[in-house]
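Report on one structure; see the data block that follows.
The values are calculated or read from the model by the stated rules, or taken from the named source; none is laboratory data. Owing to the predicted nature of the structure, the values given are computational and were not obtained by experimental measurement. Cβ placement follows ideal geometry from the backbone for every residue including glycine, while neighbour counts extend to all protein chains displayed. Side chains are part of the model used for accessible areas, which takes the heavy atoms of the whole protein and leaves out ligands, DNA and RNA. Shrake-Rupley method; radii C 1.70, N 1.55, O 1.52, S 1.80 Å.
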Amino acid sequence: MRLIGSIIGTFVLLLVELVLTLLVYTGLNVYSLELFGSLVRMAGGVLDVTASLFEQLFAGSANAAYASVFGELGPKAMLLLLIGLFVAAIVRLLTGLARSLSS
């Protein structure tokens, strides 16, 4: 029974993270276009650094990576990914704090 509860809890947590990520991304785009543009520009830089690092470390697989992952990612997609990681970290931190306080 605990296994089923853990699986359901994980899916609920992922759903909350997904919804919050989309709300943050959309809110930035709608309510703070200047900040959103700056973040997109920075995310583009992160994407460029990651791609160049990947090319240096895995030179033999660089073409395959560009054909799949890096070819599909743009600055906005990278920003959405980074916002998702940030939101997930905050949600999991708050969940962990709530669990430790309730124990």
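Some observations on this one:
- Any hit, the stretch 25-42, residues being under 19 Å from Leu81 (Cβ atoms), open to solvent by 60 Å² or more (accessible area, probe 1.4 Å) and basic (Lys, Arg): yes
- Qualifying residue in the stretch 59-70 (condition: polar (S, T, N, Q) and closer than 21 Å to Val91 by Cβ): no
- Given (1) modelled with pLDDT of 95 or more; (2) open to solvent by less than 90 Å² (accessible area, probe 1.4 Å), number of the condition Gly96 does not satisfy: (1)
- Answer residue from the stretch 43-60, given it is open to solvent by 60 Å² or more (accessible area, probe 1.4 Å) and of a type in the set (Gly, Ala, Ser) and is nearest to Asn29 (Cα to Cα) among those: Ala59
- Whichever residue in the stretch 61-70 is more than 17 Å from the chain's Cα centre (by Cα) and open to solvent by less than 80 Å² (accessible area, probe 1.4 Å) and, among such residues, is farthest from Leu81 (Cα to Cα): Ser61
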